[in-house]
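Notes follow the structure.
Only the coordinates and a few stated rules stand behind these numbers; no lab work does. A quick note: this is a predicted structure, and the numbers were derived from the prediction, not measured. Note that each Cβ is placed from the backbone with ideal geometry, even for glycine, and that neighbours are counted across all protein chains shown.
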Amino acid sequence: MLLVDTSVWVDYFNGIENPQTDYLHENLDRTPILVGDLILAEILQGFRSVSDFEKVRRVLGKFIQADMVGTELAVQSARNFRFLRQKGITVRKTIDSLIATFCIENDHQLLHNDSDFDGYEKHLGLQVVHP
């Protein structure tokens, strides 16, 4: 299953074309897409108008929904974060560690446009789609 990170959805909804948004557009009807609660919150909090908020909420609600974080995943995410930090890799956002760990633990692929995920791919086996 494919989890699409906020970095791609934001570009997609803003009409920004890049390899990731092109891949998303081409695969919307071909690939099972998962929308995690953390990503949903990140996306929706960025909309200024109620109408845009509701429109995007309805669009994203058509995809498979998932609760991403529980106690076990939170602990594993912290372990992964610390492991990368010991390797000299600084992940800037806790939420990216949670997203990466969710994908690793559940064998999901990640489509992103955010360098914070690179260490998870290189050292922890995160499956990343490279369009």
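Toward the positive end of the charge dipole of region 1-87, with +1 on the Cβ of Lys and Arg and -1 on the Cβ of Asp and Glu, the farthest Cα among Thr6, Phe63, Val50 is that of Thr6.
Relative to the current alpha-carbon distance between Lys62 and Ser115, full extension at 0.36 nm per residue lengthens the span by 16.3 nm. Aspartates and glutamates near Lys62 by alpha-carbon distance under 17 Å, same-chain residues fewer than 8 away left out - which ones? Lys62 reaches Asp5, Glu26, Asp29, Asp37, Asp52, Glu54.
Put in order of Cβ neighbour count within 10 Å, fewest first, the listed residues Ile104, Ile64, Ile89 become Ile64, Ile89, Ile104.
Near the amide H of Val128, within less than 5 Å, lie the amide hydrogens of Leu110, all on another chain or at least 5 residues away, with H placed in the peptide plane. Available extension along the chain between Leu28 and Arg85 is 17.0 nm, counting 0.36 nm per residue and deducting the alpha carbon span.
Using Cβ point charges alone (K and R +1, D and E -1), the dipole size of the chain about the Cα centre works out to roughly 340 debye. Put simply, the amide H of Leu34, placed in the peptide plane, has neighbours under 5 Å in Leu2, Leu3, Val4, leaving out anything fewer than 5 places away on its chain. If each DSSP helix of 4+ residues adds -39,500 (n - 2.57) and the sum is divided by the residues in the chain, what number results at 222 nm, nearest 500 deg cm²/dmol? When only DSSP H runs of four or more count, the value is -16500 deg cm²/dmol.
Using R0 = 25 Å, the C-beta based FRET efficiency linking Lys122 and Gln76 works out to 0.90. For region 1-56, applying the loop criterion from DSSP together with a ceiling of 14 other beta carbons within 10 Å to the trypsin sites (Lys or Arg not before Pro) yields Arg30, Arg48.
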